[in-house]
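Accompanying notes for the structure given below.
The numbers here are math on the coordinates, done by the rules we state, and not lab data. Predicted, not measured: the structure shown is a model, and the values here were computed from it. Neighbour counts run over all protein chains shown; Cβ positions are idealised from the backbone, glycine included.
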Amino acid sequence: MIIGKNVCLRAVETKDIETLLSWRNIDSFRKNFREFRELNFNQQVDWFKGVSSSKNDFMFSITDINTDELIGACGLLYIDWINRSADYSFYIGKDQLYIDDIYAKDASDLLLGYGFNKLNLNKIWMELYEFDNMKIDFFTNEFNFEIDGKLRQNCFEDGKYYDSFIISLLQSDFISYLKHTGE
């Protein structure tokens with residue numbers, strides 16, 4: 001368990017499956033995920049089994065530090081141990097927040113610290129669709145993720161093609177961020 005100011009990150013447990021599935025199937029969330037289809041319970045169980053047994057995927061449940069209530073999920077996925085990079089997955093499901101100023105900040109601090117300080121990653125990256133302004137703004141403004149590139153017309157949503165952005169944070173950027181924030 002990784003403990004922060006407002007949240008804890010713990011391994012995803014069987015008891016989390018149904019709640020995570022309900023959040024994954026929220027239309028406003030799902031359009032921002034690479035898995036665009038609505039998932040059923042069996043698919044969610046298969047996902048759980050896959051990440052639970054993977055040596056290259058570290059998925060966490062985000063819980064409220066005071067109540068232990070499940071509030072979201074985050075992870076470092078598809079870890080490339082040679083290049084020391086991982087895909088970053090993140091959302092706050094509680095009250096359909098998606099991204100907020102309290103839970104998201106604390107959970108991201110914890111997960112980034114875990115990735116850079118414990119796993120010794122050099123780069124944490126994510127692919128975000130151009131209409132996912134909440135995450136683009138949050139991660140570029142709050143943590144100084146940089147836009148590495150744009151994949152043109154890489155997403156089809158509501159009858160239109162959209163670009164996606166690859167954004168990343170390097171370990172050296174994270175060290176600078178910690179010095180700047182005094183954490």
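What the table shows:
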item: Convex hull per residue volume in Å³, alpha carbons only, for region 70-147; result: 95
item: Protection proxy ranking, peptides 42-49, 147-154, average beta carbon neighbours within 10 Å, highest first; result: 42-49, 147-154
item: Inter-part distance where region 29-88 and region 122-183 are each reduced to a Cα centre, Å; result: 18
